1. Between B:ILE34, B:LEU129, B:SER354, whose Cα lies farthest towards the positive end of the dipole of the protein assembly as shown when Lys and Arg beta carbons carry +1 and Asp and Glu beta carbons carry -1, centred on the Cα centre?
2. Average partner chain C-beta neighbours within 10 Å, per residue of B:211-220?
3. Of the options A:THR202, A:PHE141, A:GLY163, report the single residue whose Cα projects farthest towards the positive end of the charge dipole of the range A:124-228 (beta-carbon charges: Lys, Arg +1; Asp, Glu -1).
4. Based on alpha-carbon centroids, what's the gap between the range B:210-224 and the range B:235-297 in Å, whole number please?
5. Lys/Arg Cβ at +1, Asp/Glu Cβ at -1, dipole of the protein assembly as shown taken about the Cα centre: which of A:ALA24, B:ALA401, A:ALA325 is farthest positive-ward?
6. Going down the list A:LYS55/A:LYS239; A:LYS56/A:LYS117; A:LYS31/A:LYS117; B:LYS165/B:LYS207; B:LYS124/B:LYS214; A:LYS194/A:LYS228, which pairs span over 20 Å between their C-alpha atoms?
7. Show me the trypsin sites (Lys or Arg not before Pro) within the range B:115-178 that DSSP assigns to loop and that have at most 15 other Cβ atoms within 10 Å of their Cβ.
8. Restricting to the protein assembly as shown, compute how many DSSP beta bridges are antiparallel as a %, nearest 5.
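Rule-based calculations on the coordinates, nothing more; no lab input. Because the structure is a prediction, the values reported are computed rather than measured. Here the Cβ is made from the backbone with ideal geometry for all residues, glycine too, and neighbour counts use every protein chain on show.
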Amino acid sequence: MRTIDDFTMPVEYLSPIDKFLRDASRDWANKESIPFRRGYDEDWEEHHTIEPAFKKLMGEMGFQRFFFPEEFGGLGFGHSNYAGVGGYRVCEEVSRADSAIGVAFAVLHWPLLLICKEPHVNKRLCAEFAPMFCDTTEPVFAANAMTEPQGGSDIENLDLLSGSTIQTTATLEGDEWVINGHKLWPTNSGGVSKLFGVVCTTKLGSNDPNDFAFIFVPTDLPGVTQGKPYQKAGMAADKNSDIWFENVRVPVWYRAHGPGDDFKYFKEMVAWGNLLSVAFCSGAMLNAYELLRDFCSEKTYRGRPLKENDDIAGVLADIARDIEATRIIGYQGARMLDRPDLYGDNWSDEIVTKMRSFKYFACDRAIDILDRAMNIMGPYGSDRVQDIEKHWRDVKIIQLWLGGKQLGQMEVARWFYDCETL
Amino acid sequence: MKYQELFPLPDEWIQESDRSMAETVSSWAEQEVIARRLEHKEDYDALLLPAMRKLMVDIGLQAMIMPEAAGGGGMDAPEAAMAAAAVIEEVGAADTSIGFLFANTLAIEYALAVAPKRSEESLKQAAPLLCGGDVTICSLVLPAYGTDMADRPRYYGLDYPATAKKGKDGWVINGGPARPQCCGATADLFAVVCDTGKGKPGLLLVKGDAKGLKRGEELKKTGLAASRNADVTLDKVKVPADALVLEGIEPLRAMLSWYYMACAAACTGALKTTHGILKEWGDTRVIKGKGQVFKENPLVASLMGEIGSKTGTCRVLTYNLARLLSRPDAYGSAGSGTMHVTAVSALKQVGHLSMEAMHNTMELMASAGYATEWNLERYWRDVKTVQTYVLPETVAQTCMARQYFNLEQL
């Protein structure tokens with residue numbers, strides 16, 4: 001019988017420890033999440049049933065140490081040339097069980113990427129924050145505080161706005177940054193995170209990249225307030241809320257890199273966010289394939305298994321084709337991030353744009369195949385027991401974040417067609 | 001401009017009394033659902049059941065197409081299709097799941113009261129339930145996918161959910177577990193499409209408290225909160241002879257044509273509310289840091305144009321189908337092959353276009369569209385659930401191909 005491993009991937013790109021990553025994360029998915037995921041939606045606020053899965057994956061298996069250098073107790077992926085494909089593999093396997101856990105897991109690494117990954121490791125900040133993540137078997141989350149109430153995706157719209165709409169301010173007072181502002185929707189907010197990476201401006205209204213600041217803020221500092229998690233259509237394992245910063249003081253060296261570089265490496269972060277969004281989609285798609293294969297073998301129509309009806313087989317073929325394409329694109333994107341020597345810097349306009357195009361392609365395909373899978377299954381398609389409807393609800397927000405499809409379209413058009421006024 | 005004027009419907013076909021009913025239901029929607037849903041979200045006991053009671057019993061929708069003599073609203077004629085479309089659109093705009101429940105009720109009442117050869121005995125038997133003083137939750141149990149490959153009679157390739165054998169004292173029904181269209185956990189009255197052993201389907205009524213009727217565990221599903229569904233098993237369930245409401249392919253197709261129209265209307269209602277939510281978002285949101293009003297961005301506008309076009313198309317398709325069903329004298333029987341396929345086609349088009357419009361709306365509203373607070377996502381989930389429950393996609397395609405291209409073997 002065919003399995004998800006029969007879908008094509010460029011094997012020569014894989015990390016030297018791919019088998020370990022695959023087996024460990026798949027074993028985690030099969031034992032720690034899939035048997036319990038049908039109860040996640042009702043647990044969106046408390047996370048009683050979701051928490052053990054996080055604890056196993058992040059704390060006990062140690063995957064929250066992924067990016068940190070080995071000298072600080074990390075797994076050292078930030079120094080490798082396979083962080084992309086390795087991260088993609090884990091996120092894909094995790095998202096096969098639950099893309100919200102995939103997101104929460106990936107986002108914990110997201111702000112850390114700025115300080116843990118070559119060629120821009122900030123050793124002082126690594127030393128400062130590594131113990132929080134590496135000296136424990138409890139799950140520890142981090143978050144990127146980007147989106148603001150007034151602007152939606154404006155902050156991710158780097159080419160056009162260059163941070164000029166950011167309303168969260170960082171003011172230098174002596175040897176401290178004083179941060180004030182209001183953020184919405186970060187993954188791993190709602191009281192979950194211990195550390196925020198906060199997108200700020202040092203000069204309101206400026207579109208000078210030097211005024212763009214990325215500053216780390218431990219969440220237990222005075223002046224940091226998190227709201228209650230939002231209730232959503234899905235993605236129960238990913239908590240989101242409002243966050244307020246009111247005269248929050250952090251040491252001056254909590255800024256990731258400094259003028260110009262924060263902006264540059266934030267673009268890299270956007271590229272990675274887009275690439276891993278492909279992994280969340282392909283993980284959900286692979287599981288949809290497994291579920292659909294079983295369903296269409298068991299249920300009958302015209303007196304034979306669904307899959308043995310030509311018309312249904314045609315749709316199943318389309319679904320398999322789309323999974324093939326999405327997965328290949330995902331691993332290609334991961335490879336491009338791993339080999340800047342061949343493809344260009346992670347923060348280059350070309351790489352950021354191509355990751356965006358991969359992301360919105362993957363999202364469109366994931367939503368389409370899950371829509372079609374549910375339609376094939378009829379009333380069973382919207383039944384929680386079949387699990388596909390959960391993926392359908394979950395993956396929709398992947399399409400919506402990081403500026404959504406429309407910003408993706410604009411950035412891709414700008415780069416490929418030399419648009420000058422969009 | 002108001003929604004009614006933006007997305008015109010064939011006014012000339014709609015009676016003043018239909019319009020008045022729709023306005024009454026619109027007021028109900030505002031007071032009983034929309035004003036309370038931020039507080040109660042999709043709570044069945046706090047919001048949905050009281051709202052259904054008000055709508056079905058106090059306003060009288062439940063008995064709308066039952067004959068006056070039986071205690072109903074007296075609209076027991078095909079012309080009621082227009083009124084049904086108009087009111088279900090309003091119900092669906094308030095809560096698509098209640099609209100879907102009413103579609104089930106309407107289909108069963110069509111078979112009882114409006115169908116050309118209605119059974120007066122069946123009508124008399126069911127009327128007290130449907131025209132009484134409380135909500136009677138109705139549920140269709142339709143042919144569906146099976147689990148074995150035995151050579152047996154099928155309905156368009158789908159397995160009958162049950163068999164019914166006629167005895168001296170009535171019928172004995174066996175079948176399941178079958179998935180009802182709605183409310184398997186709560187229904188007071190099921191209408192089960194059975195293989196009656198005569199090579200043709202029969203629709204039999206089974207009361208919710210019938211001996212031998214077993215309900216499975218309540219299902220968690222994507223949407224349609226008012227429908228608390230569960231699989232049902234029928235184990236030697238005995239029903240009287242007059243429980244047979246209709247028999248034969250054409251009468252069953254006629255009922256389904258009405259059902260599809262009602263489901264399409266519920267989805268169209270969801271689009272009405274979706275339009276209102278997106279309108280407010282587009283009018284007030286500012287982007288690109290330059291004070292550009294969201295809707296004035298050309299890319300946003302192009303997508304809004306698509307959404308508007310799809311919304312209008314759904315409305316026209318739904319009301320046109322209602323018109324065709326309301327005039328069998330002009331367009332033929334609701335159960336004819338042509339009419340049935342027109343209904344299937346309209347239902348599937350409305351399902352697709354509604355989902356596309358809602359996907360696109362959510363894309364424009366981004367995470368706000370995904371959060372329960374903005375109310376869009378519940379309609380998105382509800383319409384998707386209607387789309388999956390009512391006639392699987394490939395079955396509908398074959399059904400249409402059979403008619404349009406004269407297939408002989410499928």
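1. Result: B:LEU129.
2. Working: counts 0, 0, 0, 0, 0, 0, 1, 0, 6, 10.
Partner Cβ neighbours, averaged per residue: 2.
3. About the Cα centre, the residue reaching furthest to the positive side is A:PHE141.
4. 22
5. Toward the positive end, the furthest listed residue is B:ALA401.
6. Working: A:LYS55/A:LYS239 16 Å; A:LYS56/A:LYS117 24 Å; A:LYS31/A:LYS117 31 Å; B:LYS165/B:LYS207 17 Å; B:LYS124/B:LYS214 26 Å; A:LYS194/A:LYS228 16 Å.
With Cα atoms farther than 20 Å apart: A:LYS56/A:LYS117; A:LYS31/A:LYS117; B:LYS124/B:LYS214.
7. On the way: sites: B:LYS117, B:ARG118, B:LYS124, B:ARG154, B:LYS165, B:LYS166, B:LYS168; in loops: B:LYS117, B:ARG118, B:LYS168.
Answer in residue order: B:LYS117, B:LYS168.
8. Roughly 85 percent of the DSSP beta bridges within the protein assembly as shown come out antiparallel.
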